[in-house]
1. Restricting to segment 206-244, and then to whatever is more than 20 Å from the chain's Cα centre (by Cα) and among the small types (Gly, Ala, Ser), can you tell me which residue is nearest to ARG70 (Cα to Cα)?
2. Residue under question is HIS110, and the condition is that it be in a loop (DSSP other than H, G, I, E, B) and either in contact with a Cys (Cβ under 7 Å, 6 or more places away or on another chain) or surrounded by 14 or more Cβ atoms within 10 Å (Cβ to Cβ) (or both); does it hold?
3. When you go through SER233, SER251 one by one, which is the residue that is modelled with pLDDT of 95 or more and either of a type in the set (Val, Ile, Thr) or open to solvent by 60 Å² or more (accessible area, probe 1.4 Å) (or both)?
4. Among the listed residues PHE203, PHE175, PHE225, which satisfies the condition of being within 20 Å of PHE35 (Cβ to Cβ) and in contact with a strand residue (DSSP E or B) (Cβ under 6 Å, 6 or more places away or on another chain)?
5. Any residue in segment 188-217 that's under 20 Å from PHE161 (Cβ atoms) and open to solvent by less than 70 Å² (accessible area, probe 1.4 Å): show its pairings with residues that are part of a loop (DSSP other than H, G, I, E, B) and of a type in the set (D, E, K, R) at Cβ separation under 9 Å, as long as the two are six or more apart or on different chains.
6. Go through segment 144-169 and give me each residue that's touching a Phe, Trp or Tyr at 6+ places or on another chain (Cβ under 8 Å) and either under 26 Å from MET1 (Cβ atoms) or among the small types (Gly, Ala, Ser) (or both).
7. Could you please let me know if THR43 is among the β-branched types (Val, Ile, Thr) and closer than 13 Å to SER179 by Cβ?
8. Residues of segment 37-72 being at pLDDT 95 or above and on the phi > 0 side of the Ramachandran plot, which ones?
Amino acid sequence: MVIRELKDGRSYVSLQEDHAELSAQFAAHWGNQRFSRLRPYRTMVFATTFHDSGYRDFEGNPPMNVDKGRPYAHREEVPNFEAVELKAYAGNAEWVGSQDLYAGLLVSMHRTGLWQNRYSVFTEPAMRARERSQAVQDAKKAMEEKQAEIKKHLAIHRSNFDSELTYNYMALQIFDLLSLYFCCDGYATETDFKEYAIAPVPFSYDSNETVRLSIKPNGAGSVIFDPYPFDVSPLKVSARARIVAPPTEKSEAACVDAYHKAARQLLTFEISA
């Protein structure tokens, strides 16, 4: 779950697919006279839409952080979650790859990259190194071995495959970070955003030139991007969330009830040049 806590104890709770759907809106609009439009376009939007899927059954009835009166957030330690997590990651990459092999490769790389600071492709934001269990290390090794096989297969049919894949992997990470910024990480107050940056951000498939993408607050629910990477300005994007209020009774059952009965809202954000 992607969660933003409010001062009154309530939380905005978005499913992983809600977060990914917001990421996909950035992918769909990426590109203008300065930034390359994504290629292959449909593959990139498809991969971004499903890059964090695999949790539908889990998030339909998730375990609860009873002390906070809501489900566990994605950065919290969820009891007995690792086996569920590894199965979801592998299964999702397999399913995406069955629809689009290139998209499946990117989704798999997204997961193994998260296990090692997104392969250190960014200097900003700072990434936090974490020690991984043996089960995670084994899963990472198996997924990366399969990635190597897919890369060899795809490279036969695509010129400049390696440089294109590097750009597309970085682009997927950018869309993921931007979605997390709007869903949970980017707030100075309950209504206003804080300054943020992603670097390096590549301009083009055909150039090594990069830029520091800066984000500045522009009033409630609004930010300014510099340089501006999208095809329209302003760009309005949205994310679905539940507004979960902690129940009076501190029990798993009460929290589950509050989660399922929570009102759904569409949170809308505006991005300008």
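1. Per the criteria, the residue is ALA220.
2. No; evaluated as a whole, the condition is false for this residue.
3. Numbers: SER251 fails: either of a type in the set (Val, Ile, Thr) or open to solvent by 60 Å² or more (accessible area, probe 1.4 Å) (or both).
Answer to the selection: SER233.
4. Numbers: PHE203 fails: in contact with a strand residue (DSSP E or B) (Cβ under 6 Å, 6 or more places away or on another chain); PHE175 fails: in contact with a strand residue (DSSP E or B) (Cβ under 6 Å, 6 or more places away or on another chain).
Answer to the selection: PHE225.
5. So the pair list comes out as PRO202/GLU209; PHE203/ARG34; PHE203/GLU209; SER204/ARG34; TYR205/ARG39.
6. Those that are touching a Phe, Trp or Tyr at 6+ places or on another chain (Cβ under 8 Å) and either under 26 Å from MET1 (Cβ atoms) or among the small types (Gly, Ala, Ser) (or both): ALA155, SER163, TYR169.
7. No.
8. Once the filter is applied, which keeps residues that are at pLDDT 95 or above and on the phi > 0 side of the Ramachandran plot, segment 37-72 yields only GLY69.
The values are calculated or read from the model by the stated rules, or taken from the named source; none is laboratory data. On a predicted model such as this, the values are computed, not experimentally measured, just so you know. Positions of Cβ are generated from backbone atoms using ideal geometry, with glycine treated the same way; all protein chains shown enter the neighbour counts. Keep in mind that these areas ignore ligands, DNA and RNA; they rest on the heavy atoms of the full protein, side chains included. Shrake-Rupley method; radii C 1.70, N 1.55, O 1.52, S 1.80 Å.
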